[in-house]
Structure formats: C-alpha cells, structure tokens
Amino acid sequence: MVQIAMATGFILILMGLYGALTNQNILRIIVSFSVANTGVNIVLVAIGYIHGRTAPILNEAVPVAEATARIIDPVPQALVLTAIVIGLGITTLMLAFAYKLYERKGTLDISKFSELKW
Amino acid sequence: MIKRAVVILFLLGLGSLFIGLMQGYIPDTELNQTGRYYAEHTAQDIGAANIVTAIIVTYRGLDTIGEVTVLFLTAAIVGMLLSRGNHKGKSLQRELPQSGELLTTGSYLLVPLILLLGAYVFINGHLTPGGGFQGGAIVASAILLMLLTDPLRHFSHQLITVIESVSGLLFVSIGVLGIFYAGGFLDNRILPLGEFGSLFSAGAIPIIYSLIGLKVGAEFSSMLVNLSETEDS
C-alpha cells in the first residue's frame, strides 16, 4: 500500500518536472508545477502511514488509552496541510505573474521572454 | 532536440534516485518518538480529539501564525500586482454572455449551504477531520461560485480586508493572552478544557481555528476577486 502511494507520488513529481521543463506555454508550466507539488504531498503522507492503523482522531473507534497503538503518525499530516496551503499561495502568485507577463508582451510563450537569457 | 534529451536524462537520473529511496525505505511499525508523545499527551494536555489540529493550533501554533502570514503576503502581492491602476478606465469591459438558468438558480441554492458547511468544518476542527484552512477554502469556493454566476459582480474589498485584519488581530491577541493566563504563547488552556469530544472543549482551539478559518477564507476570496477583476480584454 505505502509503496503504491509512494510510487504514484514519485511518478507525479517526475511528470510535473517533465512538463515544466518541456512546455513552452507559461500556463502549462504552472499546471505542471501543481502536479509536481501534489506528488510531493502524496510522498510525504505515504511516509507517515503505518500498516493497519487509522487516522489520528480520538473517538469511539480509537479510545485515548489505545491511541499509541492505533493511530498513524500525525506529524506528516500536519506538515502536508501546511504544504498544501503554501502550494496554493505559490500557484496564485505564478498566475498573477503570468497575467502581468501577458499584459506586457501579449504572449504566454516562455521562449519570447529572453531578457534574462545569456 | 538536444534540450529534450537533456531533460529526459535529468529526469532519468532523478527517477533512479527515487527508486533507490523507495528500495531503501522500511515502513515504520511503531510510532516514532515525536508521534508517540503527541498520541499520549494530546488528550489530557490539549483536550482536542483531532491530534493534527492539536499540533497545528497549539503545539506548533507559532508555525501556523507564520503560515497565515505567508498567505496574507501572497494575497497582498497578488492585490498589488493586479491592481488596475488609474491609466485604464472601466469602459473596456466587453459584453459577457448570460451565465445560464442552471448556474444562476443552482448558485442561489448552493451558496448558503456551502458557507454553512465551511463554518461547520472550521468550528468542528478539533473533533473531526478539517479545520480552519479547509473551512476557509470551502468558504472561498462559495465566493468562486458567485463569481462564476456573475463575473462582473462587485465584492467589497473593504469588507474582506476588515474581516481578515480583525480575525488576524484576534488570533494574535488570544495567543498573547496565553502568555499571561496559561503556559505560554498560543496556549489553549486560557479557557477550561471541557468535556473531551464535545463541541465546547479543547480550550481556545475552536475559537482560534474559527478565526483562522475566517482569515483564510477572506484571503482566498480576495485572491479570487483580484484575479477575476483583471479580466478587462
């Protein structure tokens, strides 16, 4: 189970990086970065999983006394919650910059933006 | 062609690194030390049923303040970048097609329900999966639905700003109260812990998480509104 989730995450990271490095359109690059970001999150959550255990929420299913033996690691989950929110912020920023670039040049083709190329 | 070959070579290298990582990975069978500490101490120290919430709001509350600040910064930068300036009038707006009966009627039905669900998710953040960030995102999705229905709809920037600043300010002041009335900054025990598993439990966590929910919802909404108001061609 963990291996499947982890492999999916790694494949998503590679797919995202491939898309970001080969596409010419800035919007497609942004989408590729989101895909890679999702892959990283999946890998992080997969690392926190322990076989046969349940979510770190204490209720009738998981009494307080048995918590240590019944729940998965809560730390990666808290970490991924943070990572998702920051990832959303980064995506929004990239979209805003893409809009600004389009306003300047009237195109979203990354090869037309060569001011900083050497 | 060479460029693509370099890219594929780079990804092959990265992929073999990943395969090495996966082969060397041995899944845990026991909680590690940090996880065990949280599992054993959350119930009596914090009183929150959702351990992830206890970590985010109380154990690592300072990091959450940082996270909310990053989000605020993003919203501010998006607002600054996309502010229209004075050089462009509002006369450029093109005619938009009608949004359709289904979408309009559906949004009348769904927007209040989505707002209610968002509020439910962030108020119950200490008991069920969910919390301020998720609830805030749900609230913002109601705003998105309203924007889809009527792209020219005007949302009050001032109202969004006021909600955001007031909830941020209250969040930090509750944190400061923790220094005086409990163990430290953002300590949730300034209020009684209450009965474990009920709505009014876990001290200040429901209040703090509701404030985070309002703040995140306002920030996401301001990003959405700013992005939608750029449509001027």
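Just so you know, all these numbers are worked out from the coordinates, no wet-lab data involved. As the structure is a prediction and not an experimental result, all values here were calculated from the model. Heads up, the Cβs are rebuilt from the backbone with ideal geometry, glycines too, and the neighbour counts pull from every protein chain shown.
The table that follows gives values for the structure above.
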{"quantity": "Exposure proxy ranking, count of Cβ atoms within 10 Å, fewest first, for B:MET80, A:MET94", "calculated": "B:MET80, A:MET94"}
{"quantity": "Of B:LEU12, B:ILE55, B:MET22, farthest towards positive along the dipole that unit charges on Lys, Arg, Asp, Glu beta carbons give the range B:1-91", "calculated": "B:LEU12"}
{"quantity": "Globularity ratio of the range B:99-225, using Cα Rg and 2.2 N^0.38 Å", "calculated": "1.21"}
{"quantity": "Test item: Cα-centred dipole of the range B:88-182, Lys/Arg +1 and Asp/Glu -1 on Cβ, debye", "calculated": "240 debye"}
{"quantity": "Charge dipole of the protein assembly as shown about the Cα centre (unit charges at C-beta), most positive-ward option of B:LEU31, B:GLY125, A:LEU101", "calculated": "A:LEU101"}
{"quantity": "Cα-based reach from A:LYS112 at 18 Å (exclusive), listing aspartates and glutamates while leaving out same-chain residues under 8 positions away", "calculated": "A:GLU103"}
{"quantity": "For the range B:166-233, with +1 on Lys and Arg beta carbons and -1 on Asp and Glu, the positive-most of B:LEU170, B:LEU199, B:GLY184 along the dipole", "calculated": "B:GLY184"}
{"quantity": "Whole-Hz ³J(HN,Hα) from phi, Karplus 6.51 cos²θ - 1.76 cosθ + 1.60, for the range B:112-123, glycine and proline x", "calculated": "x, 5, 5, 4, 4, 4, x, 4, 4, 5, 7, 6"}
{"quantity": "Dipole in debye (nearest 20) - chain A, about Cα centre, beta carbon charges: Lys, Arg +1; Asp, Glu -1", "calculated": "480 debye"}
{"quantity": "Column: log10 I(q)/I(0), Debye, Cα scatterers of chain A, q = 0.12, 0.20, 0.21 Å⁻¹", "calculated": "-0.59, -1.06, -1.12"}
{"quantity": "Loop-resident sites, the range A:62-118, for trypsin sites (Lys or Arg not before Pro), counting at most 10 other Cβ within 10 Å (DSSP)", "calculated": "A:LYS117"}
{"quantity": "Per residue Cα convex hull volume in Å³ - calculated over the protein assembly as shown", "calculated": "181 Å³"}
{"quantity": "Note, ³J(HN,Hα) from phi for the range A:83-97, Karplus 6.51, -1.76, 1.60, rounded to Hz, x at Gly and Pro", "calculated": "5, 5, 5, 5, x, 5, x, 5, 4, 4, 4, 4, 5, 5, 5"}
{"quantity": "Placed amide H near B:GLY197: partners under 5 Å, 5+ positions off or other chain", "calculated": "B:ALA49"}
{"quantity": "B:SER83, B:SER141 arranged by Cβ crowding within 10 Å, fewest neighbours leading", "calculated": "B:SER83, B:SER141"}
{"quantity": "For the range A:58-73, 3J(HN,Hα) per residue [Karplus equation, 6.51 cos²θ - 1.76 cosθ + 1.60, θ = phi - 60°, Hz, x = Gly/Pro]", "calculated": "8, 8, 4, 6, 10, x, 4, 5, 9, 3, 4, 8, 10, 9, 8, 5"}
{"quantity": "Least to most buried among A:PHE97, A:PHE10, B:PHE180 (fewest other Cβ within 10 Å first)", "calculated": "B:PHE180, A:PHE97, A:PHE10"}
{"quantity": "Cα gyration tensor of chain B - equivalent ellipsoid semi-axes, whole Å, descending", "calculated": "37, 30, 18"}
